[in-house]
1. Looking at the stretch 25-59 only, could you name the residues that are surrounded by fewer than 18 Cβ atoms within 10 Å (Cβ to Cβ), under 18 Å from GLY9 (Cα atoms) and either among the aliphatic types (A, V, I, L, M) or in contact (Cβ under 8 Å) with a residue 40 or more places away in the chain (or both)?
2. Which of the numbered conditions does ARG92 fail, given that it passes all the others? Conditions: (1) touching a Lys or Arg at 6+ places or on another chain (Cβ under 6 Å); (2) outside any helix (DSSP H, G or I).
3. Taking the stretch 71-92 on its own, how many of its residues are at pLDDT 95 or above and among the hydrophobic types (A, V, I, L, M, F, W, C)?
4. In this structure, does PHE16 turn out to be closer than 24 Å to ARG92 by Cα and either under 9 Å from the mean Cα position of the chain (by Cα) or free of Cβ contacts under 8 Å to residues at least 40 places away in the same chain (or both)?
Amino acid sequence: MPEALTLEGRMARAKFRSWHRGTREADYMIGGFYDRYGDSWTEIELLWFEALLDEDDVDVMAWALGTQPVPDRFAGEQMDLMKKLDYVDIPR
């Protein structure tokens, strides 16, 4: 059985997964969200984000953009922050 990851290991994995989604748009949205808020997350907030990373990018982006309703399990303060989209920094 694999050894459990430390908090630092989980954060590193979450950062990698948030910036390697498969599309540039999802990388900027999900990775940018991690970069803006990840350093201040509690265990509960990290668990929320890890669960979010298991969802399809199309759904996560639709929830953040408000084009689909947010499932109850993801609704709340963190999704409200994600909906602001003020963390998306698109290089020019």
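The values are calculated or read from the model by the stated rules, or taken from the named source; none is laboratory data. Predicted, not measured: the structure shown is a model, and the values here were computed from it. Please note: Cβ atoms are built from the backbone with ideal geometry, for glycine as well, and neighbour counts cover all protein chains shown.
1. ASP35, TYR37, ILE44, LEU46, LEU47, GLU50, ALA51, LEU53
2. Tallying (1) touching a Lys or Arg at 6+ places or on another chain (Cβ under 6 Å); (2) outside any helix (DSSP H, G or I), ARG92 fails exactly one: (1).
3. Number satisfying all stated conditions: 5.
4. Working: closer than 24 Å to ARG92 by Cα: yes; either under 9 Å from the mean Cα position of the chain (by Cα) or free of Cβ contacts under 8 Å to residues at least 40 places away in the same chain (or both): yes.
Against the criterion (closer than 24 Å to ARG92 by Cα and either under 9 Å from the mean Cα position of the chain (by Cα) or free of Cβ contacts under 8 Å to residues at least 40 places away in the same chain (or both)), PHE16 qualifies.
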